[in-house]
Structures are given as C-alpha cells and as structure tokens.
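Throughout, read-outs are computed from the coordinates displayed, never taken from laboratory work. Note that the structure is a prediction, hence the values are computed from the model and not measured. Don't worry about glycine lacking a Cβ; one is built from the backbone with ideal geometry, like all the others, and counts go over all protein chains shown.
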Amino acid sequence: MTHLDRAYRKLLPLFAATLAVAVNVLSVPAAPAVPARFAPAQAGLAEVLRDLRVDRLPADYVVLVDVSSSMQDGADLYRAAKDALRPLLAELDPVDRLHLFAFANRPDPKFSGAVGGVGAGALDRMPGTADGTATDIGAAIEAALDIVEEAGNTDPATVILLTDGRHDPPVNSRYAGNASPAFARLTERARRVEQRRNVRAYGVPLAGRTDVQLLDEVFENTILMDLPPDQVGSYLDRIRGRVAVQKAAAYVARDQLTATAALPPGGLTVGAEPVEIVARFRSSATRVPITVGDLRVEIDGVELRAVPERPEVLLTPAEPEQEVRIRVEPVTTTERRIGGERTRDGELRVTGTVDSPWRDVITRDLELAFTPAPASATAPARHTTTGFPIWLLVLVLVLLVIAVGLAFYLPARRWKAMGSGSLSISEPEQKGPYRQPLSGRTVRFPSPLVRRGGLSGSGTVRARRLRRETGSGRELVLYVDYRRDGKRHRVTCRPRQTESLRDGTTFTYQP
C-alpha cells in the first residue's frame with residue numbers, strides 16, 4: 001500500500017462523516033396529517049323535490065284503456081279500470097300532459113293536452129260502455145309510442161296499459177297474423193326514444209290471462225303488475241311520486257354541476273408576515289346548490305398554512321357567486337439564515353373541493369353521477385425571504401470538499417502498482433545501462449538512495465494494465481516521463497520491449 005492509498009483511506013471516514021452531517025441538516029419533519037375532508041349536510045328527497053319545483057316540469061302520461069266487450073262481461077272491469085285511474089289523474093300537476101286512449105279494434109284518442117283543471121274529469125270523455133269486438137294491443141302500443149316519440153321532447157313519459165284480454169286484432173291490422181316484424185319495428189323505435197328521455201311503462205292485467213307482456217317487449221323499462229282489480233288504484237296513485245323523481249332527475253341531468261374560482265389579477269407577495277387573499281367562487285348550476293370546501297393555497301416551493309374565514313362556501317341558484325377571505329401564513333422555521341433578501345417568482349394556486357347538499361339524493365334516488373372537478377384558480381406570486389439557510393452553505397462546503405478529494409483521488413486510482421521488475425535505461429554516452437527497480441504506483445529515477453550510475457536524465461515511471469497486443473488477457477504497461485538536456489519525452493514500454501529516442505536513449509521493461 002502506497003502513501004497515497006493510506007492518505008485516501010484516512011479521508012474516506014471524513015467524507016462519510018461530512019455526508020452524515022449534511023443529511024441530518026437537510027432532514028425535515030414529517031408533513032402533518034391531512035385533515036378530514038369537509039362534507040356538507042345532506043338534504044332528503046322530499047326537500048330536493050320541493051326546492052326543484054318539479055311541479056313546473058311537464059311529464060307525459062299515455063293511458064291506454066281496453067274497451068272491448070269482455071271488459072263488461074260478468075264483472076264490470078271497465079268501471080273498475082276507470083275508478084283505479086281516477087286518484088292518479090286527479091293529482092297530476094297542471095303542467096302535465098295527459099293522452100287518454102280507448103282501444104279495441106283500434107286506438108281512439110279521447111283527451112290529449114295539459115291536465116290543467118281537468119284532472120280525473122278527462123275520464124268522462126271515455127265511452128259509456130265497453131262494446132269493442134277486438135283487442136288490438138299492438139296498435140294501442142304504437143299509438144303510445146307515437147306520443148312519446150315526439151321530436152325534441154326529453155321530459156319524462158309514463159305509459160299505462162289496462163286490459164283484460166289477449167291480443168286479438170282485427171284482420172286488417174298490421175299486428176294480425178305473424179306480428180313479430182311489426183313488434184320488432186316498435187321495439188327499435190322505442191330504443192331510440194329511450195336514449196333521450198326517461199320512459200317507464202306499466203302493464204295492468206285486469207284478468208288472469210292477458211297479453212299485457214307485449215308492452216314489456218317494446219319498452220325496456222316496464223313493470224307488469226299482478227294485483228287484484230281493487231288494489232290497482234292504490235298502486236297507480238303512487239306512480240305520480242315516481243314520476244316526480246324522474247322529473248327531478250331530468251332537471252338535474254340538464255344542469256351544470258360545476259364551480260369556478262377566480263383570484264385578483266395583481267397576484268400575491270408572501271414574506272414573513274401573514275397576508276390575506278380574496279377568492280371568488282361561482283357556480284354554473286341553475287337549480288342545484290353547490291358547495292366549495294377544503295380550500296387549499298399553494299405557492300411553488302413555499303410551505304404555507306391557509307386559514308379560510310369559513311370552512312365551506314355555499315353557492316345557491318339565488319346567490320351563485322360568493323367571496324371568501326383566506327389568511328395565508330408562511331410556516332415559520334427556526335433555521336438560521338445568512339445573507340441579504342431573496343425574491344423568487346412563482347404561481348399561486350387556490351383549489352377547493354366541489355360538493356353539494358344534494359349529493360346523496362342525486363346519486364342514490366335520482367341515480368345520476370356526481371363527480372364534479374375541483375374549483376381552482378391561479379395567479380402570479382412572489383415569495384421573499386431574508387438570505388439563505390445555513391444548511392445550504394454547509395451543503396456547498398461538503399460538496400466542495402468531496403469534489404476536491406475526488407479530483408486528487410480518482411486520477412491517482414487509475415495508476416496500478418508495479419510490484420516487481422525493472423526498467424533499463426541506456427544513454428549514448430553511458431558505459432552501461434542504468435537499472436531502476438520498480439515498486440508501488442510511482443517511481444522516480446534515478447533513485448536518490450542509489451548512485452546515478454552515470455545517468456544524465458531523470459523522470460518518473462507509472463503503470464497501467466492494458467489488453468495485450470497479441471494473445472488474450474491483460475498486461476502491465478509502463479508510462480515513462482523522461483527529461484534530458486532540457487527536453488521532455490514520453491515513452492510507453494510494454495513488457496520485454498525496447499523503446500528508443502532520437503538521441504539514442506533506450507528504455508527496456510523487464511517484468
């Protein structure tokens with residue numbers, strides 16, 4: 001081991017200790033726990049329906065009543081059907097549209113228009129007796145589809161079919177004989193309608209064996225009842241409540257459930273003292289209340305604590321825009337700093353989570369998605385600090401020490417120990433060659449411990465391990481830096497080879 005190796009081995013523990021100090025200085029405490037997300041109190045379905053004023057959104061009711069003669073054979077099912085419909089029609093909203101059909105041989109419209117003050121009185125326009133000779137359920141469903149297929153209409157629609165018999169169309173009906181293609185066309189039309197509006201159908205069999213299931217073949221969202229005639233009325237009366245939910249879903253689906261944020265254009269300058277910013281939030285919704293909470297303030301590379309004046313901002317259709325003041329406090333540090341004032345430009349970001357007091361009703365009862373994006377705004381920011389921290393100076397010094405050490409250490413490590421062997425040097429006027437023993441990483445010749453042997457020049461010898469010129473493997477090659485008569489020569493000697501200079505000096509490496 002040379003003196004250079006021993007010196008670097010002494011330096012390595014110093015490098016390790018210096019790095020440990022730097023790591024300890026640069027260590028920062030763990031970030032505080034993220035506070036629980038603020039969630040607004042949730043409203044109930046009844047409150048949402050009331051605030052949405054669903055009574056102002058029209059819905060279509062298409063009612064198909066069988067008036068074939070079988071409806072009055074024995075039990076008066078025709079009268080029972082009208083009595084079952086009466087509570088529902090009496091409670092419809094004035095803006096709702098009623099389309100009342102009596103069907104037997106063909107569908108016959110009896111009332112079509114806004115309910116207004118008519119309500120159950122529309123049943124008075126139905127025939128006094130049921131005396132039809134056929135039951136064309138296919139034609140009745142087609143008449144209902146013609147209503148709900150109205151172009152551009154996206155309001156909720158309800159189809160109600162009441163019958164006591166099987167599908168028995170007249171011979172001139174398109175649904176007579178093999179009616180499968182005709183019903184397939186109805187189904188195709190219904191699917192296109194259901195893509196743009198909510199359509200729900202109810203099939204009410206008034207006797208044991210009916211073909212009311214044909215309604216289910218056409219409309220995808222169909223409920224087939226299996227109730228005694230005296231219980232049909234109470235069931236139909238509850239349909240209006242389900243339609244109210246569909247109306248609410250139609251209102252909410254058309255709304256834009258988002259919020260935006262804005263900051264003053266002048267930006268913000270943050271120093272050692274707390275500052276206040278005013279953020280403005282605006283809701284895009286016209287019917288649904290929106291909240292913005294979990295307000296966060298960020299500036300590039302600055303640890304901040306944001307304290308809003310209230311935990312959330314409520315944006316209602318009546319007041320869609322609100323301002324909130326946020327106190328911004330730079331997190332204080334106990335680290336010592338040196339030097340003058342430092343200024344750094346960056347970006348100020350204010351972000352808030354968008355939520356709603358109606359979220360649970362929207363997702364659970366209305367079966368709609370509610371995934372609004374956060375409300376955020378940006379503005380230019382400037383952060384001023386006094387000087388720079390001590391740890392930064394320590395880090396620079398550590399890196400400087402390491403760089404200086406490596407600058408000396410790495411070049412020295414490329415030279416290999418020569419072990420044993422010798423270098424023979426013959427000068428023209430010298431009587432015999434000078435033989436220099438080789439050991440360690442650097443050898444100076446002639447050695448001050450031996451006689452010069454008549455050698456007039458001097459120099460140094462180092463070695464590197466290189467690939468052999470012939471054969472495989474590696475070998476030690478000498479690099480000679482030789483000075484004589486004021487001239488400097490560099491000579492490379494491979495084992496057992498002789499290298500010559502122009503003045504006749506020769507070098508021979510004998511490993």
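Between ASP226 and SER180, the contour length at 0.36 nm per residue exceeds the Cα-Cα span by 14.0 nm.
When you count the other C-beta atoms within 10 angstrom of each residue and take the mean per peptide, 79-90, 271-282 line up highest first as 79-90, 271-282. FRET efficiency for the pair ARG53 and VAL275, taken as 1/(1 + (r/R0)^6) with r the Cβ-Cβ distance and R0 = 30 Å, rounds to 0.10.
Treat every Asp and Glu Cβ in the chain as -1 and every Lys and Arg Cβ as +1, leave all other atoms uncharged, and give the resulting dipole magnitude about the Cα centre to the nearest 20 debye.
Numbers: 68 positive and 61 negative charges, 1441 e Å.
Here the chain has a charge dipole of around 6920 debye.
DSSP beta bridges confined to the chain are antiparallel in about 75 percent of cases.
Relative to the longest principal axis of the Cα atoms of the chain, the long axis of helix 239-254 makes an angle of roughly 40 degrees. Using R0 = 35 Å, the C-beta based FRET efficiency linking SER234 and GLU149 works out to 0.70. Relative to the longest principal axis of the Cα atoms of the chain, the long axis of helix 180-194 lies at roughly 60 degrees.
Dipole check for the range 47-112: with +1 at the C-beta of Lys and Arg, -1 at the C-beta of Asp and Glu, and the Cα centre as origin, the magnitude is about 180 Debye. Of all DSSP beta bridges confined to the range 41-150, the antiparallel ones make up roughly 45%. Using the Cβ-Cβ distance between THR378 and THR258 with R0 set to 22 Å, the FRET efficiency from 1/(1 + (r/R0)^6) comes to roughly 0.80. Cross-link partners for LYS82 among the lysines, with Cα-Cα distance under 24 Å and sequence neighbours closer than 8 places in the same chain left out: LYS110. From the Kirkwood radius over Cα pairs of the range 50-196, Stokes-Einstein at 4 °C and 1.567 mPa s returns a whole-number translational diffusion coefficient of 80 µm²/s. For the pair SER420 and LYS487 in one chain, pulling the backbone fully straight at 0.36 nm per residue adds 21.2 nm over the alpha carbon distance. Given the alternatives [x] 47.8, 149; [y] 22.4, 79; [z] 38.0, 124, Rg and Dmax of the Cα atoms in Å as computed for this entry is given by [x]. How high is the relative contact order of the range 88-225, in percent, with contacts defined as C-alpha pairs under 8 Å that are six or more residues apart? Relative contact order comes out at 21 percent. The lysines whose alpha-carbon is closer than 21 Å to the alpha-carbon of LYS416, local same-chain residues fewer than 8 away aside, are LYS10.
Model label sites at ARG444 and GLU429, defined 7 Å from Cα along the beta-carbon direction, differ in position by 2.4 nm.
With the simple spin-label model, which puts each label point 7 Å out from Cα in the Cβ direction, the THR371 to ASP83 separation comes to 5.2 nm. With Rh defined as the Kirkwood radius, the inverse of the mean 1/r over Cα pairs, the Rg/Rh of the range 68-126 is 1.01. Using alpha carbons only, the radius of gyration of the range 228-310 set against its Kirkwood radius gives Rg/Rh = 1.35. Toward the positive end of the charge dipole of the chain, with +1 on the Cβ of Lys and Arg and -1 on the Cβ of Asp and Glu, the farthest Cα among LEU123, SER376, VAL95 is that of SER376.
Counting each DSSP H run of 4 or more residues in the chain as -39500 (n - 2.57), what helix-only mean residue ellipticity at 222 nm follows after dividing by all residues, to the nearest 500 deg cm²/dmol? Could the numbers behind the result be given before it?
On the way: 9 runs with 127 residues, N = 511.
Theoretical 222 nm ellipticity from helices: -8000 deg cm²/dmol.
For the range 157-257, the alpha carbon convex hull comes to 101 Å³ per residue, rounded to a whole number.
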